[in-house]
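The structure under discussion appears below in the form of structure tokens.
The values are calculated or read from the model by the stated rules, or taken from the named source; none is laboratory data. The structure presented is a predicted model; accordingly, all values stated were derived computationally and were not measured. Cβ placement follows ideal geometry from the backbone for every residue including glycine, while neighbour counts extend to all protein chains displayed. Only protein heavy atoms, including side chains, enter the accessible area calculation; ligands, DNA and RNA are left aside. Shrake-Rupley method; radii C 1.70, N 1.55, O 1.52, S 1.80 Å.
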Amino acid sequence: METNSADVLRQARRIVVKVGSSLVTNEGRGIDEAAIGQWCRQLAVLARGGDVLGLTQRREVVMVSSGAIAEGMKRLGWARRPSEVNELQAAAAVGQMGLAQMYETKLREHGLRSAQVLLTHADLADRERYLNARSTLLTLLQHQVLPVINENDTVVTDEIKVGDNDTLGALVANLIEADLLVILTDQKGLYTADPRGNPAAELVRQARAGDEALERMAGGAGSSIGKGGMLTKILAAKRAAGSGASTVIAWGREPDALLRLASGECIGTLLVATTHKTQARKQWMMDHLQLRGALVVDDGAAAKLRGEGKSLLPIGMTRVEGEFSRGDVIAIRDGAGAEIGRGLANYGSAEARLLCRRPSGEIEALLGYSAEPEMVHRDNLVLKR
């Protein structure tokens, strides 16, 4: 049975929006103030909730914006995108100033605070840095601050690049466990063939993210301003679906596109994730064949985990086995050695040993800092059946 597209869109509470260089910079002519202003107005409505199109419930929204290199090229008077890494980095450094300033100005006009976040592949590949980036973004959202994210092109090289902001958008969707990734582009969506050369090409309204047939449909290169073509968007949707996020590919200049999508109107192409995000995370934890360590808990903690689905607090821990780091998947065992479940550790094994049998209120005094009051949060816990 086909997924109800309106439900997928309306029920999305955490949304990542990605806009491409050609849209942000009006095909390389410079930052498009009017376009960014329109997106920021819509983002503000989503973030605060409002009466527009019945969007009364507040959404958590993140913007992934291309355009720094294109804006830098314009400011430096370069007509063609350079190929030398140092020149690309210089253009990014110049352009990022104007890009961040424009978003901050336009979001502030609509009463929304913003934050600039620059990420690299290393931030997402290293587990500790990944968790730190996740914690920062979730804290910003908690305080109703809209993060504006770009790849840190001023320091990366081709060997460590994410590659394009379609991929970065998908990685951010995975990072914060978003419900929906919206890729705004200069095309109406995904077509069965390139509509610029084939008048019989038809718009694909809905499909399953990860369907290999989509990759055969996708065209080749994008514009001379940016790097991503339709194929990168299809692959981004496939990646986002891995954590349960569906993807919309839509025309960035469609009036009120973000608001209409959030209200349930299917604009462009919807690529549906077939796995719920909670199921995806828990399946990933259960699929770990080798665990770095385990926590042994007392009978009271075991009963709360099994019967009530509670988080695991340090006071219920009696012993720590193995060596593990924050963010590793670890086993949770009862006193008899039976595995109760698995979860993501909020503290490494060295810290966990100090926390055994201690109340959460003493974490900061014991460690000098407090990341979370729980050792394993219930959202990051899957119980054995």
Choice from Arg59, Arg14, Arg29 showing the highest fluctuation, given a GNM over the chain with Cα pairs closer than 10 Å:
Arg29
DSSP H segments from the chain that extend 24 Å or more along their own axis, Cα-based, with Kyte-Doolittle mean of -1.0 or above:
85-109
In the chain, which longest range has no GluC sites (Glu not before Pro) that are both DSSP loop (not H, G, I, E or B) and surrounded by at most 16 other Cβ atoms within 10 Å?
85-201
State the antiparallel share, in %, of DSSP beta bridges confined to the chain, rounding to the nearest 5.
35 percent
Taking a probe of 1.4 Å, how large is the accessible area per residue of the chain, in Å²?
46 Å²
What FRET efficiency do you get for Lys188 and Thr275 if R0 is 35 Å and r is their Cβ-Cβ distance, rounded to the nearest 0.05?
0.80
Give me the one-decimal nm value for the distance between modelled label points at Leu354 and Trp78, 7 Å along each residue's Cα-to-Cβ direction.
4.7 nm
Would you indicate which of (1) 1.13; (2) 0.96; (3) 1.07 is the value of Cα Rg over 2.2 N^0.38 Å derived from the coordinates of this structure?
(3)
Overall Cα dimensions of segment 232-385 - principal axes, largest extent first, Å
57, 34, 29
Can you tell me which of Arg239, Arg41, Arg108 moves the most in a GNM of the chain? Springs connect C-alpha atoms under 10 Å apart.
Arg108
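Take the cross-link list Lys106/Lys188; Lys74/Lys188; Lys233/Lys282; Lys310/Lys384 and give me the ones stretching past 19 Å between alpha-carbons. The partial results should precede the final answer.
On the way: Lys106/Lys188 25 Å; Lys74/Lys188 27 Å; Lys233/Lys282 26 Å; Lys310/Lys384 14 Å.
Listed pairs above 19 Å: Lys106/Lys188; Lys74/Lys188; Lys233/Lys282.
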Select from Gly244, Gly111, Gly210 the residue whose mean-square fluctuation is largest in a Gaussian network model of the chain (Cα-Cα springs shorter than 10 Å).
Gly111
Please compute the modelled spin-label separation between Arg129 and Ser370, points set 7 Å along Cα→Cβ, answer in nm with one decimal.
3.0 nm
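What size of dipole, in debye to the nearest 20, comes out for segment 293-355 about its Cα centre when the only charges are +1 on Lys and Arg C-beta atoms and -1 on Asp and Glu C-beta atoms? Don't skip to the answer; put the middle values down first.
Numbers: 8 positive and 9 negative charges, 25 e Å.
For this selection, approximately 120 debye.
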Figure the gain on full extension for Asp379 and Trp251 (residue separation times 0.36 nm, minus the Cα-Cα span) and round it to one decimal in nm.
42.6 nm
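Of the heavy-atom accessible surface of the chain (probe 1.4 angstrom), what whole percent is carbon and sulfur?
Values: 8240 of 17720 Å².
Reported share for carbon and sulfur atoms: 47 percent.
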